[in-house]
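What follows is calculated from the coordinates using simple rules that are stated; it is not laboratory data. Just so you know, these numbers come straight off a predicted model, no measurement behind them. No Cβ is skipped: glycine too gets one built from the backbone with ideal geometry, and neighbour counts run over all protein chains shown.
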Amino acid sequence: MAKKESHDRSEIPAWKSDFPISEEQATHVNRREFAKFLGLLSGALALGNGVIVIRALAFPSKPLEGEHFVCNADEVAVGEMFQFEIRGNEIIPYILIHLEEGEWRAFEQKCTHLTCAVRYREDLGKIECPCHHGFFSADTGEVLQGPPPRSLPRLEVVIKEGKVYVREEKQDKTV
Ligand code: FES
């Protein structure tokens, strides 16, 4: 009985015998490689957060000096919010809120949790951080709900001749 001839190695192309791994094996990512990738990614994120914290501690933002013009008072109707920035040793975004006739507030726009941009919700009468449903008082900037650990930094608003200015809030020494 004639035996079936085994595959002749000379029929296999040279590149295939040099790299005897199937395409499926070559593109397969095993559990160990995936865990290694996740470990490296977590390490990189932790390092990034560490750099941000160290930078914040090493270079704290300087207190605001003097008054800064924001806009004309008639540009922001009652119930509206106006975004602006102040450039010092860094660019800090703020929101100006026209709470009621003659009642203005200005707060830093970076949430004290993970620095998402907050916004004034006139329908709720509160400042909302949309990232993790944090809420702040539109009157004082205090945390009302959610994960933010601290109040929003606040500036004093001064209206002069129909123009809105902000300056560093005076600390109340009696408290
Ligand atoms: S970043 Fe604002 S609640 Fe998380």
- Amide H proximity to residue 86 below 5 Å, modelled H, separation 5+ or other chain, gives 92, 94
- Please list, in chain and number order, the residues 5+ apart from residue 126 or on another chain whose amide H is under 5 Å from its amide H, with Hs placed from the backbone. 121
- Message: Please compute the length gained on full extension between residue 91 and residue 142, using 0.36 nm multiplied by the number of residues separating them and subtracting their Cα-Cα distance.
- Response: 16.1 nm
- Query: Amide H of residue 151: which non-local residues (sequence gap of 5 or more, or other chain) have their own amide H closer than 5 Å, using H built in the peptide plane?
  - Reply: 143
- Message: So, R0 is 25 Å and r is the distance between the beta-carbons of residue 83 and residue 160; what FRET efficiency does that work out to, to 0.05?
- Response: 0.75
- Message: Could you tell me the calculated FRET efficiency between residue 150 and residue 122, based on Cβ-Cβ distance and R0 = 25 angstrom, to the nearest 0.05?
- Response: 0.55
- So between residue 25 and residue 133, what do we pick up on full extension, going 0.36 nm a residue minus the alpha carbon distance? 34.4 nm
